[in-house]
Amino acid sequence: MNVLSDTGNLAALVQGTYVTDLSIVIVSWNAKKYLEECLTSLHGLDEGPSLEILVVDNASSDGSPEMVRNQFPDVKLIETGANLGFSRANNLAIELATGKYVCLINSDVNVPSDCLAKMYRYMEKEPTIGLLGPKMIGVDGRAHRSGMRFPSIWNAFVRALALDSIFKGTGIFGGSLMADFQFDRTRDVDVLNGWFWMVRREALNQVGLLDERFFIYGEDIDWCKRFHLAGWRVVFYSEAEALHYGGASSANAPLRFSLEKQRANLQYWEKYRGRTAVFCCLMGVWLHQVIRAAGWWLVYLTRRSLRSRADFEIAQSAACLRWVLNSRNVKGRGQR
């Protein structure tokens, strides 16, 4: 593998001419152990496309920047000095990247030796694809969901009543979480979740950077929406896979990240839909959290061994309900 340590200057790029094949961008916040494993995996790739690696550290306090400097001197380290969120931090590195393709990879991903080469070859063969994502393998060794359908009032209703779980495998109740798809074959999708993306430079130049109004979560739905609107395909590619631990950063503040997810969903609806749809979205969240809290309360009463987990889940739902009921969120959203 050829890792380029000098990212150069984006202004020096000539149209159609690139310094390297792939620019790998990793945003990290207090995920030192996972980041080290991710970078180690990238340095163990098979011979193939040339890489440059850029790490953006969002003011970690766990020694992540020092680890990168000491163990991976060929990596371009960008220290933000503050937690800028996912979108803005990625954008900082994207603007410095010089690759024909830009890969945004979460810090808690282990990249197998042949993964990027397979994705690169597929993108070269399919010029209509703007955004490509590999199969997500969890720590249990099974394929996990790595795509979604666009939000809709019907999908919000399906999720609120857990119909996608009750009638799993049926198309009409597949919902936004695609419960009817096993992620076992390559196909075009509405949304690729933002854990691992390969982006074509030509498409990126047309679609633009991530929307920095999305601090964390929701930016993947918004970006994929914009790729579709610009006429680019968004494709789940089952022939390449990578290990995703999941929650490396969000585990540091789970309640906060749960609320951030709700805010991000609301931001998406506000950006693309009218006030009535936004109000329906909020009511869907409210209904879902009420049912969820009731379910966990039943678990608390009947399963002593799960009381600690139930306490947390009930608190999480309660926080989301307070957020929905906040007059700043719901005032005036029900009418135009």
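The values are calculated or read from the model by the stated rules, or taken from the named source; none is laboratory data. Source: prediction; values computed, not measured. So basically every Cβ, Gly included, is an ideal-geometry build from the backbone, and we count neighbours across all protein chains shown.
Per the listing A93, A89, A59, the residue uniquely assigned by TED's automatic domain parsing to the domain that holds G194, under 18 Å from V19 (Cβ atoms) and among the small types (G, A, S) is A93. Contact map, the stretch 51-72: first residue basic (K, R), second residue assigned to a strand (DSSP E or B), Cβ cut-off under 9 Å, separation 6 or more or different chains; pairs are R69/L77. Before we move on, is R309 outside the structural domain of G133 (by TED's automatic domain parsing) and farther than 29 Å from Q182 by Cα? When the stated conditions are applied, R309 does not pass them.
From the list Y237, Y217, the one residue that fits, being crowded, with 19+ Cβ neighbours inside 10 Å and out of contact with any Lys or Arg (no Cβ under 6 Å at 6 or more places or on another chain), is Y237. Evaluating L259 against the criteria (1) assigned to a helix (DSSP H, G or I); (2) at pLDDT 85 or above; (3) under 30 Å from Y34 (Cα atoms) leaves one unmet condition, (2). Checking K135 against (1) in contact with a His (Cβ under 7 Å, 6 or more places away or on another chain); (2) at pLDDT 95 or above; (3) of a type in the set (D, E, K, R): exactly one of these is not met. Which one? (1) is the only condition that K135 fails. Residues in the stretch 112-129 that are in contact with a Lys or Arg (Cβ under 6 Å, 6 or more places away or on another chain) and either under 17 Å from G99 (Cα atoms) or at pLDDT below 95 (or both): I129 only. Residue-level check: of (1) in contact with a strand residue (DSSP E or B) (Cβ under 8 Å, 6 or more places away or on another chain); (2) under 24 Å from D114 (Cα atoms), D46 misses just (1). Exactly one residue among G169, G194 is farther than 30 Å from E124 by Cα, among the small types (G, A, S) and assigned to a loop (DSSP other than H, G, I, E, B), and that residue is G169.
Restricting the stretch 92-149 to residues that are among the charged types (D, E, K, R), within 22 Å of R226 (Cβ to Cβ) and in contact (Cβ under 8 Å) with a residue 60 or more places away in the chain, the residue that is surrounded by the fewest Cβ atoms within 10 Å (Cβ to Cβ) is E95.
Can you tell me which of (1) under 20 Å from Y272 (Cβ atoms); (2) in contact (Cβ under 8 Å) with a residue 12 or more places away in the chain; (3) in a loop (DSSP other than H, G, I, E, B) is the one R185 doesn't meet? All conditions are met except number (1).
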